[in-house]
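To keep things clear, I will list the structure first and then write my remarks on it.
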Ligand code: CTP
């Protein structure tokens, strides 16, 4: 691909300390075949200087609308972009963008861009939570911009809380996801989704457990893509060691009982729930308080008790707790994949069941997946083979289709009243 065919990203940099992390994001963007034009604010240059941005992007860097006026940069840069990504988006930038101010090159660019726009806010928790900032975020979201929720963790100095810029690799994933979908990128805006990922562990003693091979990759791909499509995402992660997706609220759990409790709480008010976690069906009846010693001789068979079937329970209680909610299950099968899947779909009663074949190196821990998506009332959708992100997008397309249908039915009911 020639350089001019590469996606053109405008990287707007705000005046926050997290600007230093954006150097790494810039490097990752250029190394993964994007042309990047950096547009820092004057305050951003106090944190990271112009030569750094110019050297890493290989493009001239201007801040002021009065630089290089003959090229009309205040219009051209925004017009020619495929994506504008602002990181860190300070409270000040969010306020200016929401108000439509245009007093420097970045704010002019935001007004002229017709491509998708992502804001990755970073600031102190109090500034993020302030009603003024929250109003500005709501305004920008209502206009179709993707405003990611900041991550939780260490802030400048000794403070911790919500307000951190997500890590560069997860911002790169969001940028890629949005570029892949172009104009329809924020079709899940206003939706709340809950996803379980990973594999539960059932303690035998303080150092041993019964577990499974699930890496959490498919669940994390679902969370990443939903957040990149504008959804408010809660990710319930059972024993996963993957980078945190940007803009996603993560609740870590260990055992099936914990997962069950968290899902029961989090499903309230959610538009969709996806059970991508591999759940242990049984747990040891007694969880020994001290380590079982070899000198005690070979262990007697471990007595097991049945765990709750979380998916079944979510479906069973849907009518009374969340009538319109779309519920998606996953099934990993080693043989008779579609037949076993159909039987499982009937047994669980969910709206969609994503069935894939596992074993012999397939699915667990890999970046790609293959699956059939079954539903009780529509033809099977085949996902022949591809990245887990693409399968995730396919699942969200089907969820979104159902949510849109149920919105239409509600509107029909309203107008007939
Ligand atoms: N699941 C669940 N709770 C369980 C077991 C499974 O919520 N105790 C969910 C999984 O998250 C998945 C779906 O049910 O979305 C199917 O999981 P799977 O392990 O394939 O189904 P099982 O019912 O455990 O059937 P089997 O292991 O016999 O194939």
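Key figures for this structure:
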quantity: Euclidean distance of C-alpha centroids, region 253-278 and region 76-113, integer Å; calculated: 38 Å
quantity: Residue 20-residue 242 pseudo-label distance in nm [points 7 Å out on the Cα-to-Cβ vector]; calculated: 3.0 nm
quantity: Segment residue 127-residue 401, extension gain: residue separation times 0.36 nm, minus the distance between their alpha carbons; calculated: 95.0 nm
quantity: Gyration tensor (alpha-carbon) shape descriptor, region 23-124, a/c threshold 1.5; calculated: rounded
quantity: Translational diffusion of the chain, µm² s⁻¹ [Kirkwood Rh, Cα pairs; Stokes-Einstein; 25 °C; 0.890 mPa s]; calculated: 106 µm²/s
quantity: Gyration tensor (Cα) of region 90-242, equivalent ellipsoid semi-axes in angstrom; calculated: 33, 19, 12
quantity: Cα gyration tensor shape for region 296-411, rounded if a/c is under 1.5, else prolate or oblate; calculated: oblate
quantity: Angle in degrees between helix 131-142 and the longest Cα principal axis of the chain, rounded to the nearest 10; calculated: 80 degrees
quantity: Nearest-ten-degree value, helix 217-228 long axis tilted from longest Cα axis of the chain; calculated: 40 degrees
quantity: Mean ellipticity per residue at 222 nm, deg cm²/dmol - from DSSP H runs of n ≥ 4 across the chain, formula -39500 (n - 2.57); calculated: -11000 deg cm²/dmol
quantity: For region 274-321: rounded, prolate or oblate by the Cα gyration tensor [a/c cutoff 1.5]; calculated: prolate
quantity: Which of 385, 124 has the fewest Cβ neighbours within 10 Å, and the rest in rising order; calculated: 385, 124
quantity: Least to most buried among 290, 57 (fewest other Cβ within 10 Å first); calculated: 290, 57
quantity: Relative contact order computed over region 1-113 (Cα-Cα under 8 Å; 6+ residues apart), in percent; calculated: 33 percent
quantity: Order of 353, 235, 374 under a 10 Å beta carbon neighbour criterion, fewest first; calculated: 374, 353, 235
quantity: Tilt relative to the chain, helix 388-416 - C-alpha long axis, 0 to 90 degrees, to 10; calculated: 90 degrees
quantity: Gap separating the Cα centres of region 327-406 and region 212-234, nearest whole Å; calculated: 15 Å
quantity: Whole-Å distance, taken between Cα centres, linking region 33-67 and region 132-161; calculated: 23 Å
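Read-outs throughout are calculated quantities, based only on the coordinates presented, and are distinct from any laboratory measurement. Quick caveat: nothing in here was measured; it's all calculated off a predicted structure. For neighbour counting, all protein chains shown are included, and Cβ atoms are generated from backbone atoms with ideal geometry for every residue, glycine included.
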